[in-house]
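Before any comments, here is the structure.
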Amino acid sequence: MPPDRSFYFRGPEGKLNLRAQNLQLFVQLAEGVDDETWMHHLRHGDYSRWFRKCIKDDQLAAEARQVERTSTISAEESRRLIRELIDRYYMPAPPALPVPGTDAVSVTA
């Protein structure tokens with residue numbers, strides 16, 4: 001995505017400027033930013049806004065908004081839930097592989 005449609009982890013005081021050009025990079029950066037920065041964006045509805053306006057996914061945005069509105073949620077739990085939403089909508093499941101010598105299949109993660 002171009003810079004004007006990317007997500008920027010900046011935090012409450014603008015100390016950071018970490019650019020996520022896509023959802024995969026967003027998830028990677030989200031795992032590494034400090035809790036204060038993560039929660040700042042969560043409480044301001046920045047994740048759902050980005051999903052709606054830039055990713056153009058109203059369903060993902062609506063579900064992320066529910067996470068953002070959970071007042072007692074921790075940084076760890078909200079990161080996990082947002083990541084699971086992104087995985088559900090955008091990360092393909094691994095292929096099922098045949099198990100040698102059987103009719104069974106195995107899914108590798």
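General observations
- Inter-residue pairs, beta-carbon under 9 Å, first closer than 17 Å to Ser6 by Cα and small (Gly, Ala, Ser) and in segment 30-46, second surrounded by fewer than 13 Cβ atoms within 10 Å (Cβ to Cβ) and modelled with pLDDT of 95 or more, 6+ apart: Gly45/Arg69
- When residues of segment 1-17 are limited to those that are open to solvent by less than 40 Å² (accessible area, probe 1.4 Å) and part of a loop (DSSP other than H, G, I, E, B), the one modelled with the highest pLDDT: Ser6
- Qualifying residue in segment 62-69 (condition: within 24 Å of Met1 (Cα to Cα), within 10 Å of the chain's Cα centre (by Cα), open to solvent by less than 70 Å² (accessible area, probe 1.4 Å) and touching a residue at least 12 places away in the same chain (Cβ under 8 Å)): yes
The values are calculated or read from the model by the stated rules, or taken from the named source; none is laboratory data. What you see is a predicted model, and the numbers here were worked out from it, not measured in a lab. For neighbour counting, all protein chains shown are included, and Cβ atoms are generated from backbone atoms with ideal geometry for every residue, glycine included. Only protein heavy atoms, including side chains, enter the accessible area calculation; ligands, DNA and RNA are left aside. Shrake-Rupley method; radii C 1.70, N 1.55, O 1.52, S 1.80 Å.
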